[in-house]
1. Which count do you get for residues in region 87-117 that are within 16 Å of the ligand (Cβ to nearest atom) and without any contact (Cβ under 8 Å) to a residue 40 or more places away in the chain?
2. What are the residues in region 92-130 that are among the β-branched types (V, I, T) and out of contact with any helix residue (DSSP H, G or I) (no Cβ under 9 Å at 6 or more places or on another chain), if any?
3. E84 - would you say it is within 16 Å of the ligand (Cβ to nearest atom), surrounded by fewer than 22 Cβ atoms within 10 Å (Cβ to Cβ) and either closer than 20 Å to I154 by Cα or not aromatic (F, W, Y) (or both)?
4. Are any residues in region 118-133 within 13 Å of the ligand (Cβ to nearest atom) and among the β-branched types (V, I, T), and if so, which ones?
5. Exactly one of (1) among the polar types (S, T, N, Q); (2) in contact (Cβ under 8 Å) with a residue 40 or more places away in the chain; (3) surrounded by fewer than 18 Cβ atoms within 10 Å (Cβ to Cβ) is unmet by Q147. Its number?
6. Quick check, is G43 within 12 Å of the ligand (Cβ to nearest atom) and surrounded by fewer than 19 Cβ atoms within 10 Å (Cβ to Cβ)?
7. Provide a single number: the residues in region 46-68 that are more than 16 Å from the ligand (Cβ to nearest atom) and not in a helix (DSSP H, G or I).
8. Can you tell me how many residues within region 11-40 are away from the ligand (no atom under 16 Å from the Cβ) and in contact with a Leu (Cβ under 9 Å, 6 or more places away or on another chain)?
Amino acid sequence: MKLDQRLQQIRLILSDVDGVLTDGGITYDNQGIEAKKFHVRDGLGIKLWQSTGHKFGMLTARNSHIVKVRAAELGVTIVRQGFEDKLPAALSVIAEQGLAPEQVCYIGDDLPDLPVLKAVGLAAAVADAVSEVRGAAHITTKATGGQGAVRELIEVILTGQKRWGEMVTRYGG
Ligand SMILES: [Mg+2]
C-alpha cells in the first residue's frame, strides 16, 4: 500500500512515552521523585489532532504519575501504563475504539514497540529509534524523541488527510 493511502486511513495515533514523547531521560531527585521533560509543540500537535475528531493515546511499559498528568493536561483519555507486552494493550485499545488496525498509527523508539509497529496501518519511528524500529517503520521522523517528533508525525498525517491547512488557518496563517 502507498504511504498516501496509509496516511488517509489513520483515526488513532498511539504513542510510546519514553524516548518518543520524551528524549528518553528519566531523572530522579534526592527523594527519588521521578521527572520527565515533554515538548510543548508535541502538546499543541496532540490538541490539534484531537480537535479534528481523531483520537490519541499513550502506551507505556513503565508506570508513572507524570504520564497521567501530561495526558490530562492534553485531554488525552487513552492511557495504558505498565504493559511490558504492548501488543495486547494496543489491540484492546483499538477494539475499544471500534477501529481496525489499519486505521491506527503507532510511534515508537525501541524493541518492545516492534510487535505493535508490525500490527498497525502506519508504523512510525523517531529519528533516534533503534535500527530495528526504523527498519520496521513506514515513516521515520526527522526529529528525535522529545524534540517534536510527534508533532512532526501529526503534521505529516494531517497533511496527507488535507487537513493541515485548516490548522494553520486557525492561527491566521
Ligand atoms: Mg520508548
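The values are calculated or read from the model by the stated rules, or taken from the named source; none is laboratory data. All of these numbers come straight from a predicted model, not from anything done at the bench. So basically every Cβ, Gly included, is an ideal-geometry build from the backbone, and we count neighbours across all protein chains shown.
1. As a first pass, look at region 87-117 and keep what is within 16 Å of the ligand (Cβ to nearest atom): 87, 89-90, 105-117.
With the extra rule that they be without any contact (Cβ under 8 Å) to a residue 40 or more places away in the chain, the set shrinks to 87, 89, 111, 114-115, 117.
Within region 87-117, residues that are within 16 Å of the ligand (Cβ to nearest atom) and without any contact (Cβ under 8 Å) to a residue 40 or more places away in the chain number 6.
2. If the condition is that a residue be among the β-branched types (V, I, T) and out of contact with any helix residue (DSSP H, G or I) (no Cβ under 9 Å at 6 or more places or on another chain), then V93 is the only one that fits.
3. Values: within 16 Å of the ligand (Cβ to nearest atom): yes; surrounded by fewer than 22 Cβ atoms within 10 Å (Cβ to Cβ): yes; either closer than 20 Å to I154 by Cα or not aromatic (F, W, Y) (or both): yes.
Yes: the conditions hold for E84.
4. Of everything in region 118-133, those that are within 13 Å of the ligand (Cβ to nearest atom) and among the β-branched types (V, I, T) turn out to be V126, V130, V133.
5. If we test Q147 against (1) among the polar types (S, T, N, Q); (2) in contact (Cβ under 8 Å) with a residue 40 or more places away in the chain; (3) surrounded by fewer than 18 Cβ atoms within 10 Å (Cβ to Cβ), just (3) comes out false.
6. No: the conditions fail for G43.
7. Qualifying residue count, region 46-68: 5.
8. The qualifying residues number 2.
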